[in-house]
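No value in this document is a laboratory result; all are computed from the given coordinates. Since the structure is predicted, the reported quantities are computational estimates derived from the model, not experimental observations. Cβ: placed from backbone, ideal geometry, glycine included. Neighbour counts: every protein chain shown.
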Amino acid sequence: MTHELITNISNFLADKKKNNLLRTIKEYIPLENSHVKVEHNKMINISSNDYLGFSFHEEVIQASMHAIGKYGVGACASRLVSGSFDLHKIVESKLARLKNRQACLLFSTGFQCNSTVIPALCNPKIASKSVLIISDKLIHASILHGIQASGKHVSHKRYNHNDMTHLARILEKYAQDFTTIIIISESVFSMDGDLAPLDELIKLKNTHKALLYIDEAHSTGVLGENGAGLCHNKDVDIIMGTLSKAFSSMGAYIVGSQALIDYLTNANTGFIYSTALSPAMLGAINKILDLLPTAEIQKRRENLQAKAHILRTSLQDLEINTSNSQSQIVPMIIGTAEDTLKWQEYFKNNNFIATAIRPPTVPQGGSRIRFALNSALKDQDLEELIHLIKAGMTNTSIINASITNTNKKGIL
Ligand SMILES: *Cc1c(COP(=O)(O)O)cnc(C)c1O
């Protein structure tokens with residue numbers, strides 16, 4: 001007899017499919033300059049987090065291969081057993097310097113980092129017996145996972161996205177009931193590309209003696225002086241970041257005080273019981289850290305933001321909702337999952353990989369194409385993309401209908 005759980009899985013999948021929310025894995029072959037081969041066609045990828053093109057950077061590839069030659073393919077043990085090499089320490093000290101903090105600890109992925117560091121911070125041995133975490137509503141799934149894994153003594157409240165009045169209200173209402181309060185936000189939001197009001201967050205955390213934890217996945221490498229992100233010169237207690245976005249590799253880190261890093265080394269299960277970051281990744285990351293301040297990469301950073309600006313203003317001229325994007329992430333908010341999938345297909349038919357993002361990654365009714373630009377995108381390809389969007393909007397097509405919500409007839 002089929003177990004109930006297995007039957008429920010079939011129903012779950014059927015339901016997803018019915019609502020245009022089914023996820024399937026497609027195959028891409030990456031090519032240089034942010035191109036990809038899909039189903040034998042060479043396409044332009046504007047849904048990659050390889051913002052600065054480090055994945056195919058010649059010196060980065062050489063450094064990565066060199067590290068494999070020297071250290072082997074894998075670390076083959078956790079850091080505390082026998083998997084910690086000089087290269088881990090070198091990368092950690094460069095990251096700490098970039099972020100202007102005392103110390104750094106590497107993790108294997110950003111998801112692992114957020115989902116295990118937050119519970120470690122809530123450990124009753126260091127936090128109070130009742131902890132309040134207040135987070136932005138749009139935080140990444142890994143942060144939410146960390147909060148939910150933190151234990152029954154942890155309460156969680158969410159403030160409306162970037163709404164400091166709402167955060168202040170929550171703090172005023174609940175702060176006196178908790179001795180430990182942690183505020184969590186991202187500096188650049190992954191699905192909206194907008195920035196957190198860091199100075200206001202810092203003011204509020206100081207007023208209420210809270211700890212401030214900021215995820216810099218999408219700002220590190222790309223924004224701030226030499227790509228240091230947006231927190232290096234600010235009073236943020238704990239900075240988290242990933243090496244999987246602009247660093248084109250894998251891995252993540254926490255930077256903060258030496259005591260914090262020593263504590264996580266001793267108390268963070270995600271660090272203690274997981275294999276150390278691999279030599280291939282370390283070699284690449286180490287080289288990228290050296291390249292970040294160079295003129296070549298500075299030019300790429302400027303180019304990236306200039307392209308994002310052009311795309312954003314073009315979308316806004318067409319009265320398309322781009323949220324409050326101020327970065328290389330430019331959402332084109334469409335609404336329903338069904339319509340967003342049609343746009344994705346339209347882009348694909350015209351040689352662009354521009355991926356639909358649907359609930360639960362984004363709120364209901366907030367389905368969108370998330371453009372994640374890269375510095376290698378050619379001017380004429382950007383022009384072509386904007387032209388395609390205009391054509392999609394001005395044709396009396398289903399695409400037009402999907403945004404204006406008036407005419408549902410006709411198929412592009
Ligand atoms: C991608 C991402 C993560 C997870 O990082 P991985 O290294 O991909 O596991 C965490 N936080 C944010 C904001 C992200 O965008």
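Taking the number of Cβ atoms within 10 Å of each Cβ as an exposure proxy, the fewest-first ranking of CYS76, CYS104 is CYS76, CYS104. Does anyone have the angle between helix 198-207 and the longest principal axis of the chain? Alpha-carbon axes, 0 to 90°, nearest 10? Relative to the chain, helix 198-207 is tipped by roughly 40 degrees.
For THR2, THR116, THR24, what's the fewest-to-most ordering of other Cβ within 10 Å of each Cβ?
On the way: THR2 8, THR116 23, THR24 5.
The order, fewest Cβ neighbours first, is THR24, THR2, THR116.
Compared with the dominant Cα axis of the chain, that is its longest principal axis, helix 379-394 is turned about 60°. When only the Cβ of Lys, Arg, Asp and Glu is charged (+1, +1, -1, -1), the dipole of segment 269-323 relative to its Cα centre reaches about 140 debye.
Please report Rg over Rh for segment 198-295, where both radii come from the alpha carbon positions and Rh follows the Kirkwood definition. Across segment 198-295, the Cα-based Rg/Rh ratio is 1.00. Seen from all directions on average, segment 101-211 presents a Cα convex hull projection of 7.2 nm².
Within 10 Å of each residue's Cβ, count the other Cβ atoms and sort SER142, SER155, SER82 from fewest upward.
Details: SER142 23, SER155 16, SER82 11.
Going from sparsest to densest Cβ surroundings: SER82, SER155, SER142.
Per-residue ellipticity at 222 nm from helix content only, as computed over the chain with -39500 (n - 2.57) for each DSSP H run of at least four residues, stands at -13000 deg cm²/dmol. For the residues ALA175, ALA276, ALA103, a GNM of the chain with alpha-carbon springs under 10 Å puts the largest fluctuation on ALA175. Close lysine pairs were tallied over segment 74-184: pairs 8 or more places apart or on different chains with Cα atoms under 30 Å apart number 18. Bridging of LYS342 to lysines at a Cα separation below 18 Å is possible for LYS16, LYS17, LYS18, LYS26, LYS390, LYS408, LYS409, once same-chain residues fewer than 8 apart are set aside.
Just order 294-303, 93-102 by mean Cβ neighbour count inside 10 Å, highest at the front, would you? Write out the running numbers ahead of the final one.
On the way: 294-303: 14.6, 93-102: 18.4.
Packing proxy ranking, top to bottom: 93-102, 294-303.
Rounded to the nearest 20, the Cβ-based charge dipole of segment 65-181 about its Cα centre (Lys and Arg +1, Asp and Glu -1) stands at 120 debye.
The P(r) of segment 50-162 has a tail past 18 Å containing 68 percent of all C-alpha pairs. Global dimensions of the chain from alpha-carbon coordinates: Rg and Dmax equal 22.2, 66 Å. In straight-distance terms, cross-link reach from LYS287 covers every one of the aspartates and glutamates whose alpha-carbon lies under 19 Å from its own, apart from those fewer than eight places away in the same chain; here that gives GLU32, ASP50, GLU58, GLU59, ASP86, GLU92, GLU225, GLU296.
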